[in-house]
1. In the range 68-109, which residues are over 30 Å from residue 34 (Cβ atoms), in a helix (DSSP H, G or I) and touching a helix residue (DSSP H, G or I) at 6+ places or on another chain (Cβ under 9 Å)?
2. For the range 18-35, indicate whether the set of residues that are modelled with pLDDT under 90, closer than 26 Å to residue 113 by Cα, in a helix (DSSP H, G or I) and touching a strand residue (DSSP E or B) at 6+ places or on another chain (Cβ under 8 Å) is non-empty.
3. What number of residues within the range 168-193 satisfy the criterion of being under 13 Å from residue 68 (Cα atoms) and either assigned to a loop (DSSP other than H, G, I, E, B) or in contact with a helix residue (DSSP H, G or I) (Cβ under 6 Å, 6 or more places away or on another chain) (or both)?
4. Looking only at the range 130-151, which residues are surrounded by 13 or more Cβ atoms within 10 Å (Cβ to Cβ) and either on the phi > 0 side of the Ramachandran plot or part of a helix (DSSP H, G or I) (or both)?
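The values are calculated or read from the model by the stated rules, or taken from the named source; none is laboratory data. Note that this is a predicted model, so its numbers are computed, not measured. Cβ atoms come from the backbone with ideal geometry, glycine included; neighbour counts cover every protein chain shown.
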């Protein structure tokens, strides 16, 4: 087995992805914050997990079966999510209320992946041991907290990236790093294993 990790991500629509990519690029260019720009623009559905000895093809088949029965879910970027290791757009709510269908969708993906997670997975507690808060990351791991206010003021001149969209594209990734036990985000690379486009329910 390769010492990689796996993840399932929601990929935002083109226009929103383009706007956030611009923010990633400029945060790197103007402030030196590079970690988020090493990832695809995404909302984590199932965060990094180290796989056990079951074949990845089997997991991918189970995910295939699941996504074939699903429809695109309305979501909305309505607020910022700010925490000590970074900030981004929150997708927790729709119309100001918890987006229960989206949160339940995430739990179904977790249930599929759970039997494939290694016992010694270094991300298990972080990802599954706390309340899930869906978000699209602007900056991650390399921004000092005391700069948040300045960054937010600087970003006011940029495009308004808040608003509703359909969560209709999901990616299954294999992720690589030279140092999973340390600053893994400094050497992160990834490859796309599968992509699932979903249609609206109506």
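1. Answer for the range 68-109, where residues must be over 30 Å from residue 34 (Cβ atoms), in a helix (DSSP H, G or I) and touching a helix residue (DSSP H, G or I) at 6+ places or on another chain (Cβ under 9 Å): just 108.
2. No - not one qualifying residue is present in the range 18-35.
3. Residues in the range 168-193 being under 13 Å from residue 68 (Cα atoms) and either assigned to a loop (DSSP other than H, G, I, E, B) or in contact with a helix residue (DSSP H, G or I) (Cβ under 6 Å, 6 or more places away or on another chain) (or both): 1 in total.
4. Kept after step one, since they are surrounded by 13 or more Cβ atoms within 10 Å (Cβ to Cβ), are these residues of the range 130-151: 132-143, 147-148, 151.
If the condition is that a residue be surrounded by 13 or more Cβ atoms within 10 Å (Cβ to Cβ) and either on the phi > 0 side of the Ramachandran plot or part of a helix (DSSP H, G or I) (or both), then 141, 147, 148, 151 are the ones that fit.
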